[in-house]
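Worksheet: one structure, shown below.
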Amino acid sequence: MFYGGRVDIPATLEDQAMRLGNSRESRNVEDRRGRRMHIGGRGKIGLGTIILALVAAYFGVDPSFLLQDTGPTGGTTYQEGPPPAATPESQFASRVLADTEDTWASLFEGGGQGAYRPPTLVLFSDATPTACGTGQSAMGPFYCPADRKIYLDLGFFKQLEQDLDSPGDFAQAYVIAHEVAHHVQNELGIMAQVDQLRRQVDQTMANQISVRVELQADCLAGVWAHHSHSQRNTLEEGDIEEGLNAASAIGDDRLQSRSQGYIVPDSFTHGSSAQRVSWFTRGLKSGDPEQCDTFSQ
């Protein structure tokens, strides 16, 4: 798939906020934060539904069917607001996206994959239309392969810190890098193959396939972090711990334990905390996308 050069990461790095302050911002950001989308309906989304959505689809799988009202609706309306002003959070997200663009453009070229076509990062508030259905903040960040866009409500970063005990700028960068990794999978044709395979198996096996997709995205996020630091010296003390903590916080076992008090391994769609940390670390230390073949291991 790729040829990825290996660069040794100093041992001190694993004990060592990101140096992105003077880096470029991406041009592939669509800011919809000033545009409010109101979905007509009879009821509100309950806390239980939101928790199910988080458990089922944190970081990549569209759970809109859980979050849309099934009764008659009054239609969808939009409320235009003033153009959104840049904030430290939006600028940081744009700089992280730009850094992933540089990394994956280099890896695609070096691996003979041709030109890398970067995704668009859509910043929104509350809800927004997507080619994969209505995107809502309660879903968390997600990637839609149909329109090749990543959707992110910046309020998720506060949730990441307060509700999932994962503070720090690199934890936020990991979120974006994970979704970018889904785009990389899409560009390589992996998602299309996986979707076809899912339709041929039962639900338990489909869940296992989803886990492998998500763990591969974790590994590829680690690959990005490796090259970002080795080429642009972007990581500082504490960053790796933040990333590992975030990977652990969104493991299926931890999310299920928090939401329902017990875990059901057959229902995992993203992998356990230990698996997510392991694969992210593998990508981080190797810097080699070839080491991210979760489907043959």
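What follows is calculated from the coordinates using simple rules that are stated; it is not laboratory data. This is a predicted model, so every value here is computed, not measured. Cβ: placed from backbone, ideal geometry, glycine included. Neighbour counts: every protein chain shown.
Less than 5 angstrom separates the built amide H of PHE142 from those of TYR151, all sequence-distant by 5 or more or on a different chain. Ordered by the count of other Cβ atoms within 10 Å of each Cβ, fewest first, CYS292, CYS144 give CYS144, CYS292. Phi angles of segment 150-158 translate, via the Karplus equation with coefficients 6.51, -1.76, 1.60 and θ = phi - 60°, into HN-Hα couplings of 9, 10, 9, 8, 4, x, 4, 4, 5 Hz per residue; Gly and Pro are given as x. Couplings 3J(HN,Hα) for segment 196-213, derived from phi with the Karplus relation 6.51 cos²θ - 1.76 cosθ + 1.60 (θ = phi - 60°), are 5, 5, 4, 6, 9, 10, 7, 5, 4, 5, 4, 5, 5, 5, 4, 4, 5, 4 Hz, where x marks Gly and Pro. Among 89-96, 179-186, the peptide with the highest mean count of other Cβ atoms within 10 Å heads the list, and the full ranking is 179-186, 89-96. With a cut-off of 10 Å between beta carbons, the residues surrounding GLN136 carry a summed charge of -2, where Lys and Arg count +1 and Asp and Glu -1.
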